[in-house]
Amino acid sequence: MSDAVDAIIDQWTQERPDLVPGLWPVELLARIQRMNRILDKHLKAFAAERDLEVGEVDILFTLRRSGPPYALTAGALIPAAMVTSGAITNRIDRMEAKGLVERVRDGQDRRTVRIRLTEQSIALTESLFEDHLRQYAELLAPLDPATCATVAEALRTLLEAGGDTSIT
């Protein structure tokens, strides 16, 4: 079986046979790029089917996995969401208008505002995450668990080498 990356490698092999020994990174990195496009498309469709944006789903999941009371400051959400403070504020504004989050002032330091899941969004997030896991499992169904573990470990090594070691 061959894919689009194999075709790219074949084209470069024909055009620049002198570069064949150096084409090995393309075999992996081009596939990661193409898989990223598939994941982006999947996530956009997943969110849109639920009248959400991908960034909103990300915030819901981030708040839910933070544990009770399912609240973080906007500053704490920025690294997890990988967006600017302005973008996170806009996202929170939209989510607040939808009733998904609420801004809550800290009882001890009124300057601190936490973004908290609403009762309605806690239940939504539970269901949403279960659906998300099911769909991710379907995407990975062609691979056995041992292969998934090997690929995950290899990608972890690359991410660590690239400095992506924390969401906070």
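Divide by every residue of the chain the summed helix terms, -39500 (n - 2.57) for each DSSP H run of at least 4, and state the resulting mean residue ellipticity at 222 nm, rounded to the nearest 500 deg cm²/dmol.
On the way: 7 runs with 108 residues, N = 168.
About -21000 deg cm²/dmol.
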Hey, of [x] 9.9; [y] 13.0; [z] 8.5, which did the structure itself give for mean projected area of the Cα convex hull in nm² when calculated?
[y]
What the 5 Å binned alpha carbon P(r) of region 44-109 shows, as percent of pairs per bin from 0, is 3, 16, 28, 27, 18, 5, 1, 1, 0
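How compact is region 93-150 by the rule of thumb for globular proteins, expressed as Cα Rg over 2.2 N^0.38 Å? Write down the numbers at each step before the final one.
Values: Rg = 17.9 Å, N = 58, 2.2 N^0.38 = 10.3 Å.
Output field value: 1.74.
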Total formal charge among the other residues, if their Cβ is under 11 angstrom from that of I115, Lys/Arg +1 and Asp/Glu -1
+1
With a 1.4 Å probe and every protein chain kept in, tell me what percent of the accessible surface of the chain is carbon plus sulfur.
58
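Can you give the accessible area per residue of region 64-163, in Å², using a 1.4 Å probe?
Details: 6490 Å² over 100 residues.
Dividing the accessible area of region 64-163 by its residue count gives 65 Å².
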Which net charge results when you count Lys and Arg as +1 and Asp and Glu as -1 among the other residues whose beta-carbon is under 12 Å from that of R91?
-3
Quick one: compute the contact order of the chain, relative version, from alpha carbon pairs under 8 angstrom and 6+ residues apart, as a percent.
16
Please give the residues of region 25-47, grouped as numeric ranges, whose backbone N is less than 17 Å from a label point set 7 Å along the Cα-to-Cβ vector of S127.
46-47
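The values are calculated or read from the model by the stated rules, or taken from the named source; none is laboratory data. Quantities reported herein were computed from a predicted structural model and do not represent experimental measurements. As a convention, Cβ positions derive from the backbone with ideal geometry for all residues, glycine included, and neighbour counts pool all protein chains shown. Protein only, heavy atoms only, side chains kept; ligands, DNA and RNA dropped before computing areas. Shrake-Rupley method; radii C 1.70, N 1.55, O 1.52, S 1.80 Å.
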